[in-house]
Each structure stands twice: as C-alpha cells, then as structure tokens.
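Laboratory data are not the source of any read-out in this text; all were calculated from the coordinates shown. Model, not experiment: these values are computed from the prediction. Using ideal geometry, Cβ is built from the backbone for each residue, glycine included, and neighbour counts are taken over all protein chains shown.
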Amino acid sequence: MRLTDRGIYWVLATVLAAAGLIPEFRSLGNLANVATQSAALAVLALGQTFVILCGLIDLSVGQLTGLIVVLVCDVAAGRDAMTAPVLLLALGLGAGSGAITGLLNNRLRIHPLILTFGTMSVLQGIVFTYTDRSVGRAPAAIAWLADGRLLGLPVAPLLVLLLAAGAHVTLTRTRFGMHVHAVGGGRDNARRAGIDTDRVAATVFVISGVSASIGGLLVAGRLGVGYPHAGAGFELDAIVAVVLGGTSLAGGRGSVAGTVAAVLLLGLTNNVLNLLQISSFIQMLVKGLIVIGAILVNQPGGRRAFA
Amino acid sequence: MKTRLTAICAALVLIVAALPLTSLAQGVEAARVQETVATARFKKAAPYRVGVAAGYLSNSWVVFCLQHIRYEAARHKEISEVLVTDAGFNPGKQVADIEDLISKNVNLILYWPVDEKAIQPALEKAVVKGIPTVNTGGGFTYSPGTVANAFIDQVVLGDMVARQLFKDMRGKGKIVAMLPIAGTTAAVDQLAALRTAMKEFSQIELLSAEYGDWNRAKAKQITENLLQRHPRIDGVFSPAGQMSIGVAEAFEEAGRLKEVVMSPGDEYNGWLKWVAKHKRGGAVTFPTRVGQEAVRLGLRILNGEPVKRGLAVPSEYISPASITRYVEPTRPDDWWASTLPEEWKPK
Amino acid sequence: MSTEAERPRVRPAAIVSWLNAGWVERSAIWVVLVALLGVAALCSDAFLQPSYLFNMVRQAAPVGVAAIGVTLVMVMGGVDLSVGAVISLAAVVAAVLMDGQAGNIGYALAATLTIGAAIGFANGVLIAWNRGSPFILTLGTAVAVYGLTQIYSGGTARGIVAPGFREFFNERIGGLVPVLALLFLAAATIAALVQRTTRFGRSLYLVGSNPRAARLAGLRAARLTVTTYTLSGLLAALGGIALLARSGVSSTFAGRGFEFDALAAVVLGGTTFEGGRGGVGGTVAGLLVLFVAFNLVNILGLNYNVQRLVAGVIIIVASAAYTYLTSRRLTESRLWPSHHTSEGAP
C-alpha cells in the first residue's frame, strides 16, 4: 500500500531521467545551481529529521531562519571583519532558541505543534518589529559559503554533504542516535528503559535550532541582504521533505539519506517546471499535491491532529 | 487631553521615523537617471529570447504590465519567445528563477523585484554573462546588476497627488496618508514627496501616515480606527486607488465622507468607478504600459544603442470631469484603464 | 438523551469529562474578554460606543464563521488549516459568478458553498481513509487551493460584485447592528445548539475525547470525520462570502493567514488540539479577545507587527494554562501523541 523506505530514490531516479531529456537541464552549471539552490532547505530538513524521528515537530525554524538572516546582515553590515562574530551570533541564537523551545516543551507539556506554532508567531513578530525592510549586507565569506566554489565545486552542497554524513553517523552509530529512535518509537518504553527522554527532546530542538542557524547563514549569503520575509514557509518545506524522504511523523522510523533525496527531488521539480515554462500558478498546485501525496503515501499514524 | 497626548506621541514617532527616510529619499536623482549606459557589449543578433523574472504575479497591476510586455513582444519579429517565471513574493525563489532563466539562455531579462537588494547578486551574474537586465515598474534601481530601468517616478507621482489634494483642500486642513507596504520604494518615495510638498503649504497638517499594504480591506480597517482617533480629518493622501476605495468606504460608513477631500488615486478601475459616481478625487496614473516601454528599451540595448539609465514613464492627471473616458463600468474593480488593445487585455 | 442509555460504556466518562472540563475554564475566556474591554475602554472611549463594537464584530465575521467550522473539527480531534485558502477561493468564485448582475447572486452563493463543501469533503475523505496527519495534510490542501485560485483568477480579482449584495450585508439594523455581524452571531448560536443538543454534536466530543472507545461503541468515526470536515469547508466558504460582503475584496490571497487567526481564536476559547473539549461559545469569546486586542494595538497607533507577537504569546500561554488546569485528570501519555503508547510503534 505505501511506498517502502526506498520509494523516494526510485521517484528521484525517474524524475532525473525524465529531466535529462531537457537539454538545458543537463548542463553542469544548471545541476550545480539546483544543488546550491536546495542547500538551505537541505540543512533545515536535516535538523527537522532529528525532531520528527523523535516524534516531535518544529514549526518555528522558518521564522528563526528569517531572524538569523536579518541579524547576521544587519550586524555584519558587509564588513568582513565581522564574519566570525556573526557566525557565533547565528549559532548561539539558533542553539539558544532551540534550547528554549526544548525547555518549554518539557515544562509546559503542550503539544510541540501548538508550542512551536506559537513560537513561530512570536519570532515572526520579533523579526518584523526589528525591521520591515531589507537591512545590512552579508560579509563576503558568508556569500562565498552560500554561493561560491571550492576547487570548481559549489561550496554549499559540499557543506550539506558533510552535515548529512555527520547526521547519518550520529543517528545510526551513536548512543544518542539510538535514544532518538527509541524515544520516537515509544516514549514511555524509552523512559522505562532508563533513557532521559526530556534531555533527548531538548537536544533535538537544539539541533533543529542550529540547523536554522546554518540555513540562515546560507540564505543570508545567497540574498546578500537581511530580508525579513526570507524564512517564511521554510518550516513547511522542511517537514514535507522529511516526510517525503520516508521519515514517519509518528517518530522512530526514517533516514537522513531519504531526507536529502527528497530535498533534491523538490529542488529538481522546481527547476524542471521552470525550464519547461510551466505557469507558476500550476507549480503551486503541484506543490500542494506533492504535500498531500507525501502524507497519503507515507503516514500510517493515528487519526489525530498530531499523528 | 488624551487625544492631544496621543497626537504628540504620534508626531514624535513620525519625526523619528522620517529622519532616515528623508536622508534616503532625495527623490530619484536626475543625474543617475540621465546617465548614459554603454551597451555595445550586450549587442547581439536576433532572434531574441526574452525572460521575465516576476517577483509576483498575483496583483492586477503586474498582470496588466505583463500583458503589455507580451503585446509589445508580439509586435517585434526579432523576439522569438517570452519566458516568464513567478517568485510568488519569495526573493530566494526569484534568485533561483533568474539563474534558471540564465540556464535557459535568454538574451534579455526584464524583472520586477520582491526585494531589489536581495536579487542584485543574481542579476549581476546575468550581466556578467552579457545578458542585459531591465527593471520594470515603480522603482529606479542604480546598481551594477541593473543595466537600465523603465520606471514610474514615485516622487513625481507623490508630488502630483499631494499638490492636487492641497489645491482641492484650498491649501489648509488636517490630512492622513495611506501608503503601501512600509519600506517599499513606493511608500518611501510617496511619503517623501508629500513631506516636501507640505513645506510649501504651512497650513496642511499630517495627522498620521499609515501602511495599508495595497490591501483594500486593510486600508478600510485602519481608516475605521483613524476615524476613532481623529475627530476631524479634512483630507486623505492616497495615491493607490485600490486602497482609496477602502478608505472612502470607511468614511462613508462613519457618515464623514462629506467632511473629507480625497486625493487623486490611480487608474484602478474600482477607483475610477468611485470617482465617476462621486465626481471627486480624480486620478494620477501609474501607467501599466511601462511594460511595453521596458521591452523597447531592452531591444535598444540588444541593438547596441546607447540608452539612458532610467526611462521615466510619466504619470498624468485625470480630472473627475474627464474620468468617463477611462472608466470601464462593465469590467471588474480589479482592472486597469490601459492602452492595451481589447484582445490583449487579461481574460 | 435516549442515546445515553444505548451506550452506557462510554457515555458516563464523557459526561464526567465534559463537566470536569469545568465552568471555570469555560467562563475564563469571557472574563478575559470583559477585562480586556475594560482596559480598552480606558485607553480609548471608542470601545464604549456600540456602533464601534458592532463594527468589530463585523470585522471578525469572516474569520469567525470559518472558526466555527475549525472548532467542530478540533473538538473531534482534527484540525483544518485549509480554511484561509478556501476563504480566498470562495471570495473569488462568488465575485466572478455574480458578474455584476443581481440576478446571479443566488446561484453564485450556492455554487461557492458547494465548492467549499467539496474541498472539505475531500479533506475529510483523505483523513478518514488514510489516517494521515490532518495538520500537514490540510496545509497541503491550502497550497493546492491557492494554486487553483490563481489558475482560476489569472492573478487579478476578475469578479464584479453584484449591486445590492454588499449593501444588504452592511445595512445596519436599527442604524446600529450590521446584518453581517448579526448573521455571524446567528451562525455561532446555531452551531452551539447543534454541538450541545444533537447526536452529531455529542459524537464529536466522544470521538475527540476517546477515539478508540468511540469506535468500540459503534460510532462511525470515518463518516463523522467526513461530515465534520465538509462542514468546515462549507463554513469557510461562507467566511469567504462574508469577506466579500465586508470589504469587496476578492483577490487570490485575500484570506491568507486567516487560518492562523481562526486557530488562535479556537485555542484561546478552550478547544484543545487533543480534542474532546471546548466548543463554539468559547471560540466566539476567543475571537473577540483577539480582535479587541488587534484593534487596541491599532487604535493606540502601535506597530502592526506587534499583533503577531501578541497572538503567539496568547496561543502558548492559553494552551499551557489549559494543560495545567486539566493535567491532574489526564494520564501522562495523553500529553504526548497518543499513539506512542496506545496505538504504538513496533
């Protein structure tokens, strides 16, 4: 009935093969573009993979990304000397915000969907109270990170590969990774097995926050300015990618490789629809149908709002 | 007492808010607009593929502007194709769209930005590859990524609207301003023009400047609250007809339409209908044909002809008396009086 | 009342929990509303004028009508985030079908409501059969519906509102109460009655408070799911018509973000994401709290963006408060997604 965990790879391969028929698609420059365009989403989706594997969800990452984009550019104001401070600022802000979300999650005991929906709204309020127009400029090093090349290869996709490998190893080879799977598979059982479930939950929210930091740096580098709307909608795209990649929203089951493949699939779809001159209105419809399809194909969960 | 305190606070906020604005908005500097652009390096032989990187396509003005682009392109045999992308207000997507258009080997990129600064790096990539870029619409961009602009000067437009309003008010009274999205060129330039014009009219007082986001419903809601806050409002500065309707409606429902002078709006059909019905207000145009001018400007660049950095498409004042020549009563409100032939108007 | 005798196994528990959910909790939001109005009146005497207050009710009507539907869905334990998109589509479709002719109004409204109901029906079927996440699924529906609306409208709001349509809804009865405000309050009253007195209404609470028990008790949960989402779609379309009536706006994204306002009103009103508690009355109070707060922010001349911040804090605090108040009655596992323990992974 539902696609196996490998389904996403077949879909990706099919779309790639079909796209190969379009001459403009095959150019190396275009492929590098697709990879670079998808990098920020990929990083956010990696973070979200941890959260969802744990049976939780984080809707606040989009607006957090926006806040980081705005602050990084505004504080740096294009000065290269500010590169290291804004890197620290971004990472600290992401980790701090994630830690607060984790703490609230453990303390308030309200469902993470509604909790992070609330923090999303608060973060959005903060971003737009801070500025309602583009501010500052990203330093050159961050622009290079997002859009530059290293030995002829685009940097951002390399960074994504590195992070994905790290995430994969963490989830499959470490004790913490095992705990994430265990908590996602059944929280009460995990606790009975002696796992500090609150600590695991807090940690995955911190990871999610840090992914927003890195994603925010990539977006800041790519846009070059602190655009306050920059993060809008990223949370949904990230969740869709994770779910498309075969991770169950109920937690406990899924993979990093699936997420990366799904992000590539989304990026390719956008690129191909653009190259084929499909109207953007239809593109939006297609995107909605992909979300619905992803849920239908992949989710065996309960009938409730969170499932 | 309370209202006065509020007014003082509001004035202070406005003054503080205006400080950076006035430094930014010296208007569109004539020297930069008049600067000549060397276009020899963009010269190529036909046929041309024209790319349009739309920041958004979900408002009627840009839909009309795009139809003007398509219409003008169809009149030139040397243009083989028009490719359109829509970023849906997402600058990240507009960056990707521009890269995709470059991959598609277009020869010319017309665009209107979601955020003009955010897409500069992508536009610069196009220019480096020898693809000229033309900013099309309501703002003038002076930047290496933008080869030329076909634009409507919002400072001039704001000035025309303000002076007509002051004239209709006989030079005195309290006004409110309804502006588009805060921080956009339109909002910044229009407010700057209003303030500059006010310097010559000492008896005009600006009570409050609000941002209605080009949204009729929001403009109405904001005005409902303005009406509560201010017992007397003599005039409304609202250059966007779409919002003027919402403003006028709120005044009408409060029974205060008689006390207020509405400034000219633009040639938004719903506003033109209002003007035709009430015989007041008038319009200062925000011509959608700027799309056509952008195509012609692009073709001149591809021919290697030197062009000016900015091609301003002038706004015109339409008095309430002559509005009947422009209003289309059987068309929707969300429609623009234009010079498009019937078969090229949006379906 | 006869149904209670038929299903003794579930009924007593449900009644206990309904009572337990408590008068304190259910009246709390009304107390908040009155207190907020008091504060607002101190800041501006506008809040003492009946015409201004009814104006506010009319402002709230488009979101409010949709929020009624969202309440029913959430009582059942689901959620519907597609209402903002359906509101937008409905406003566009109604205006286009009216085409400036008063004679078209009946047909245009009927067609609009049918389309709204159809989208709700589709949501319901997908959720009932697939048991996927309604939260994400209805977000997906929203994106798809926005796409459809754009394809249909071509980017301009090409409809022409029929003469008489807006005049009728904005007419003030006795020079005071706008028809639109009255209709919204009427719709809320009917929904509150349905939810309290009909079998359908009670089933919502049963399924929401304990889906497995409800299923065991023979309730056709799938059918109930489809009915409720259909109703939500229908009410959202009605909200779109109300929006068109209030402001004459019918652009593609006219209702964007309304789903979040509706959700905030519902949660504020005491209906939780877990389902089984709350109701339409609370939602109306929650909605008015939001709109009084928004208008207060506005009339004080504060930054419009502060509204979002306020909404976010309200959502978190309200949810946390309800969870705290009810935590003694709930097992720990209810606070974590229920399938973790009950329907469980391997």
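Some notes on this structure:
- Peptide ranges B:88-97, B:335-344, B:118-127 listed from the most packed, as the mean C-beta count within 10 angstrom indicates: B:88-97, B:118-127, B:335-344
- Taking every alpha-carbon pair under 8 Å whose residues sit at least 6 apart, chain B reaches a relative contact order of 22 percent.
- Radius, Kirkwood style, for region B:109-200 when every pair of distinct Cα atoms is counted (Å): 14.8 Å
- Label zone at B:R41, where the point sits 7 Å out along the Cα-to-Cβ direction: region B:123-138 residues whose backbone N lies under 12 Å: B:125-132
- The order of the peptides C:27-40, C:258-271, C:61-74 by mean Cβ neighbours within 10 Å, most packed first, is C:61-74, C:258-271, C:27-40.
- For B:K277, the lysines whose Cα falls under 18 Å of its own Cα, not counting residues fewer than eight places away in the same chain, are B:K258.
- Potential extension, A:R107-A:T170 segment - 0.36 nm per residue separation minus Cα distance: 20.0 nm
- Per residue of peptide B:241-254, the mean number of Cβ atoms on other chains within 10 Å of the residue Cβ is 2.
- Considering helices alone, the calculated mean residue ellipticity of chain A at 222 nm is -24000 deg cm²/dmol, with DSSP H runs of length four and up weighted by -39500 (n - 2.57) and normalised per residue.
- Based on DSSP H segments of at least four residues, each scored -39500 (n - 2.57), chain B has a per-residue ellipticity at 222 nm of -13000 deg cm²/dmol.
- In summary, the lysines within cross-link reach of B:K125, defined as a Cα separation below 23 angstrom excluding same-chain residues under 8 places away, comprise B:K43, B:K44, B:K93, B:K104, B:K117, B:K308.
- For A:I22 and A:Y130, the difference between the fully extended length at 0.36 nm per residue and the C-alpha to C-alpha distance is 34.5 nm.
- Using a simple spin-label model with pseudo-atoms 7 Å out from Cα toward Cβ, B:E81 and C:L300 lie 5.7 nm apart.
- Across A:I282, A:I207, A:I290, mean-square fluctuation computed from a Gaussian network of chain A (C-alpha pairs under 10 Å connected) peaks at A:I282.
- Per-residue shielding of B:194-202, expressed as the average number of other chain Cβ atoms within 10 Å of the residue Cβ, stands at 0.
- Remark: region A:1-82 projects, on average over all directions, an area of 9.0 nm² (convex hull of Cα atoms).
- Principal-axis tilt of helix B:241-253 within chain B, Cα atoms, nearest 10 degrees: 20 degrees
- Shape index of region B:75-232: Rg/Rh, with Rg the Cα radius of gyration and Rh the Kirkwood radius from the inverse mean 1/r over Cα pairs, equals 1.10.
- Whole-angstrom Cα spans of the protein assembly as shown along principal axes, big to small: 80, 77, 52
- The eigenvalues of the Cα gyration tensor, multiplied by 5 and square-rooted, give region A:36-297 an equivalent ellipsoid with semi-axes of 28, 22, 18 Å from largest to smallest.
- Selected from A:G29, A:G66, A:G221 as most flexible by GNM, with chain A as the system and alpha-carbon contacts under 10 Å: A:G29
- Counting Cα-Cα pairs of region C:143-216 in 5 Å increments starting at 0 gives whole-percent bin shares of 3, 12, 10, 9, 10, 13, 15, 13, 9, 4, 1.
- Separation in nanometres of the label points that stand 7 Å from Cα toward Cβ, at B:K199 and C:R220: 7.6 nm
- Region B:154-284: Cα Rg divided by the 2.2 N^0.38 Å rule of thumb: 0.92
- Shielding of peptide B:181-187 by partners, expressed as the average count of other chain Cβ atoms within 10 Å per residue Cβ, is 3.
- Result for chain B in a Gaussian network model with C-alpha springs under 10 Å: among B:G235, B:G171, B:G55, the largest mean-square fluctuation is at B:G171.
- Label positions at B:E343 and A:M178, each projected 7 Å from the Cα along the C-beta direction, are separated by 7.5 nm.
- Chain A: DSSP helices with Cα axial extent of at least 24 Å and average Kyte-Doolittle hydropathy no lower than 0.5: A:28-53, A:83-108, A:112-130, A:155-173, A:197-223, A:256-275, A:280-298
- Residue-normalised convex hull volume from the C-alpha trace of region C:7-331: 133 Å³ per residue.
- When each of C:T197, A:T247, C:T272 is scored by the number of other beta-carbon atoms lying within 10 Å, the sequence from fewest to most is C:T197, C:T272, A:T247.
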